[in-house]
Amino acid sequence: MTHFVRLLFATVVLVSLGTCCNAEALRIAVQKTGTLAWELAVIRAHGLDKQANLSVKVVELATPEAGKIALRAGNADVVVTDWLWVSRERSLGAKLTFYPYSSALGAVMVPAASPIQTLADLKGRKLAIAGGPIDKNWLLLLAWLKQSGIDLKSDATIAYGAPPLLAAKTLSGEMDATLNYWNFCAALEAKGFRRVAGIEDLLPKLGAKGRTAMIGYVFDEKWANANQDKIARFIAMTRAAKEILSTSDAEWEKISPLTGAPDAATLRAYRDRYREGIPRRTIADEEADARILYRVLAGIGGHELVGPASELDAGTFYHAIPGD
C-alpha cells in the first residue's frame, strides 16, 4: 500500500456529533488525539453545535497530512493546519483560506539540571528536532540564532524524528535538548524538564509585533464564499468552546481521558499551555505578522518549504467573520 493510499484510507471514518435533523452539516477533519478533538467534546457536552444550528461530522485522521488530502479531495470542509501550507497551495493554484486557531508553538526543553541556560548554549550539543529539517519551529529557531552568528545545522549534532520518539529519547538522556511540539513540551514540563525558550518568545526579534497564530482552520475559498454564515456560526461555536476551556478547570477534568494525560501534572501543563495559545488578536494584526514571518521562513526554508512564492499570498487569511 502506497503512502498516499494509507493517508487517504485514514479519512474514511465519519462520526456525527450533531443530532438536529434541521442543522446544517459541517465536516471537520480531526486527529483523534488532537486539541480540536478536545474542543469538539466540549462543544457536544454543552450543546454548542445545536445552538449554532450545525451538525458537526468528524472525519477522523491518523496524521495531519491525511487532513490535507481529505480537504483537497472534497472529503472534509475544514481542517487544521498552518498558513505556510495554505499560501504555498494558493501559489500552486489551489484557492484555500485560513482563520487562526492557535498560537501555541514548540519550545526548547532540557532536563532541570542541564547546564544549558540559553539558546546559545545549544552549540556543540545533541539536539532532537521534531518534524524534520523544514519544520517551522526549527526554522524560526535557526533564523533567531543566525542573528547572533550561530548556525545550529553545523554547530550542533541534529537528530530529526517523530515527536513522541524524540520526547522519549530526551527523557532517556540520549539527547541534550529537544525542540518539540507544544503538547510534548508540556508533558516534559510535567516530568520536571525546563523550558529554555518557547518559539513564541523568539518572534519579536524576528519582526513580529505579537504572539502569532500559525495554526488555523483551513477551507476552500469558493466553498467559504458560498457559506459565510455557516463559517461565522462555526467560528462562534469554537470560540465559545475555547472560552469554556480558558475559564473552567473542571472542564479539563472532564476531557482528561481525551488528552491522554497520564497524571494531574501533565493535564495542568496541557491546560496552561493550551490557554496561552488561544488567539486574542485581530485578523489584521495576525496577517501582518504572518507576512513578516513568512519572509523569514521563506528566506531560510527556501523553495522546499514555500514553493515558488517569496511572499505570503494575498488571499491566505479569511476576513469575513463579523467583528474581525
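The values are calculated or read from the model by the stated rules, or taken from the named source; none is laboratory data. Only a predicted model underlies this, so the values are computations on that prediction, with no experimental measurement involved. Here Cβ is always computed from backbone atoms with ideal geometry, including for glycine, and neighbour counts include all displayed protein chains.
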Open item on the list: Checking the structure you have, find out if any residue of segment 153-162 is closer than 18 Å to residue 198 by Cα and either surrounded by fewer than 19 Cβ atoms within 10 Å (Cβ to Cβ) or among the small types (Gly, Ala, Ser) (or both).
Closed with: no
- [ ] Please go through segment 24-71 and pick out each residue that is free of Cβ contacts under 8 Å to residues at least 40 places away in the same chain, surrounded by fewer than 16 Cβ atoms within 10 Å (Cβ to Cβ) and more than 25 Å from residue 267 (Cβ to Cβ).
- [x] 25
- [ ] Go through segment 302-323 and give me each residue that's more than 15 Å from residue 93 (Cβ to Cβ) and in a loop (DSSP other than H, G, I, E, B).
- [x] 310, 311, 312, 318, 319, 320, 321, 322, 323
Open item on the list: Yes or no: segment 132-148 includes at least one residue that is surrounded by 17 or more Cβ atoms within 10 Å (Cβ to Cβ), touching a residue at least 60 places away in the same chain (Cβ under 8 Å) and either hydroxyl-bearing (Ser, Thr, Tyr) or touching a His at 6+ places or on another chain (Cβ under 9 Å) (or both).
Closed with: no
Open item on the list: Just to be sure before I move on: is residue 232 within 20 Å of residue 287 (Cβ to Cβ) and crowded, with 20+ Cβ neighbours inside 10 Å in the structure I sent?
Closed with: no
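Matching residues to (1) over 21 Å from residue 181 (Cα atoms); (2) free of Cβ contacts under 8 Å to residues at least 60 places away in the same chain; (3) surrounded by 20 or more Cβ atoms within 10 Å (Cβ to Cβ):
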| residue | (1), (2), (3) |
| --- | --- |
| 275 | no, yes, no |
| 307 | yes, no, no |
| 316 | yes, no, yes |
| 323 | yes, yes, no |
Open item on the list: For the list (1) farther than 28 Å from residue 193 by Cβ; (2) at pLDDT 95 or above; (3) not hydroxyl-bearing (Ser, Thr, Tyr), I need the number of the one condition that residue 267 fails.
Closed with: (1)
Task: Filtered residue count, segment 232-260, keeping only those that are over 23 Å from residue 28 (Cα atoms) and either touching a residue at least 40 places away in the same chain (Cβ under 8 Å) or part of a helix (DSSP H, G or I) (or both) - done: 4
Open item on the list: Among the residues that make up segment 63-81, is at least one of them in contact with a Phe, Trp or Tyr (Cβ under 9 Å, 6 or more places away or on another chain), more than 24 Å from residue 232 (Cβ to Cβ) and either at pLDDT 95 or above or of a type in the set (A, V, I, L, M, F, W, C) (or both)?
Closed with: yes
Open item on the list: If a residue must be part of a strand (DSSP E or B) and out of contact with any Lys or Arg (no Cβ under 9 Å at 6 or more places or on another chain), how many such residues does segment 199-229 contain?
Closed with: 4
Open item on the list: Within segment 248-265, does at least one residue satisfy the condition of being over 28 Å from residue 184 (Cα atoms) and under 22 Å from the mean Cα position of the chain (by Cα)?
Closed with: no
Task: Scan of segment 217-231 for residues that are hydrophobic (A, V, I, L, M, F, W, C) and in contact (Cβ under 8 Å) with a residue 40 or more places away in the chain, ordered by number - done: 218, 219, 223, 224, 231
